[in-house]
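Any read-out appearing in this document is the output of simple, stated calculations on the displayed coordinates, not a laboratory observation. What you see is a predicted model; the values in this text were computed from it and never measured. Positions of Cβ are generated from backbone atoms using ideal geometry, with glycine treated the same way; all protein chains shown enter the neighbour counts.
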């Protein structure tokens, strides 16, 4: 408790007040989503963590779990532009980024090329069933997700801030899906697994969705306020031992590093990169701020570790033959490190 007070005293008074305000805003955000989304509290929190950490989120789950409805509901609670891209096998890169078309200039009937923006030009972009498009189309999202800009026919166009990609994905083993390239997976801050609802939640879903129309959601934040909160998250203090813990955790996922346990050397083909360390720290900062804390803690880091690391740990044949998934490996690593901490 004294350590928390020390960090609160070290922060500027405006930042302390802003953290308190962000915590209240997050509670209002959850209350708004509860009007249309039954359950999924952990999924909603992780989406909010990504948003205020200035990251992108990948939601994975079987069809019918309201992933698309959740993303569209999140967009409705913000006064931000929103576009949805339905990924299909025949989707082309220009369908995402936009392209130049010939238009009459109105002066002497002359014609000239004019750039027509694609659906990626929005503050919040829903990439629905993103793994149903081949790698050629996936590549169109890489520059936008990493650098907040797109390049079309040699010209670069900046995307407006804040820019947030929320993608949904069906399990790879389903027919008609393509594994996302590792480089693109690494651009997603979190992989959020959306599971089946409980029996009570499913009963409530049946009541809520088979009656009258759904209630409208109130807009809570505009773009300027979202950016201010994102900057606030970046200023959140982090103890030195948390940086060390994050680095140690990520290095243990790499089978060629001496820090890696023997069982990881046997089961993992490729471990997480430096971006995982960055996202662990940012995720811990954002979670702490959303919960009204004045510093990131080990509890915050452990809470986001699975979402950060699971899609960045690539298993080998030995792991697959034993039924070991990336999530099982990451969860075991988190548990072992907690026991030794």
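Just 230, 138, 27 to compare: in a GNM of the chain, with alpha carbon springs under 10 Å, which one fluctuates most?
27
By how many nm would the segment from residue 158 to residue 266 grow when fully extended, if each residue of separation counts as 0.36 nm and the alpha-carbon distance is taken off? All intermediate terms of the calculation are to be shown ahead of the outcome.
Working: separation 108, 0.36 × 108 = 38.88 nm, distance 4.39 nm.
Contour length minus Cα-Cα distance gives 34.5 nm.
Between 101, 264, 314, which gets the highest mean-square fluctuation from a Gaussian network model of the chain, Cα cutoff 10 Å?
101
Nearest 500 deg cm²/dmol is fine: what mean residue ellipticity at 222 nm does the chain get from its DSSP H runs of n ≥ 4 alone, each adding -39,500 (n - 2.57), divided by its residue count?
On the way: 15 runs with 165 residues, N = 341.
Using -39500 (n - 2.57) per qualifying helix, the result is -14500 deg cm²/dmol.
At a threshold of 8 angstrom on Cα-Cα distance, excluding pairs fewer than six apart, so keeping six or more, what relative contact order does the stretch 237-341 reach in percent? Let's see the in-between values first.
Values: 141 pairs, mean separation 29.5, N = 105.
Relative contact order comes out at 28 percent.
Quote to one decimal, in nm, the extra length available between residue 234 and residue 278 on full extension: 0.36 nm per residue of separation minus the C-alpha distance between them. Spell out each step's value before the answer.
Details: separation 44, 0.36 × 44 = 15.84 nm, distance 1.12 nm.
Stretched fully, the residue 234-residue 278 segment lengthens by 14.7 nm.
At a 10 Å Cβ-Cβ cut-off, how would you order 300, 95, 331, fewest neighbours first?
Values: 300 26, 95 19, 331 15.
Going from sparsest to densest Cβ surroundings: 331, 95, 300.
Counting only the backbone N, which residues of the stretch 236-253 are under 16 Å from the spot 7 Å out from the Cα of residue 14 toward its beta-carbon?
236
Would you calculate the separation in nanometres between label points at residue 88 and residue 216, each defined as 7 Å from the Cα along the Cα-to-beta-carbon direction?
Label at residue 88, label at residue 216, 3.2 nm between them.
Looking only at 115, 29, 78, which one moves most when the chain is put into a Gaussian network model with springs between Cα atoms under 10 Å?
115
For the chain, count all C-alpha to C-alpha pairs, find those more than 38 Å apart, and express that count as a whole percent of the total.
20 percent
Which distance in nm do the two modelled labels at residue 224 and residue 317 give, with both placed 7 Å along the Cα-to-Cβ direction?
6.0 nm
Just want to confirm a number: the relative contact order over the chain, from Cα pairs under 8 angstrom separated by 6+ residues, in percent. Can you show the working numbers first?
On the way: 554 pairs, mean separation 73.9, N = 341.
Over the chain, the number comes to 22 percent.
Expressed as a whole percent, how much of the Cα-Cα distance distribution for the stretch 237-341 exceeds 23 Å?
Numbers: 1323 of 5460 pairs.
I get 24 percent for the Cα pairs in the stretch 237-341 exceeding 23 Å.
Put a dot 7 Å past each Cα toward the Cβ at residue 332 and residue 202; how far apart are the dots in nm?
Label-label distance for residue 202 and residue 332, simple model: 3.1 nm.
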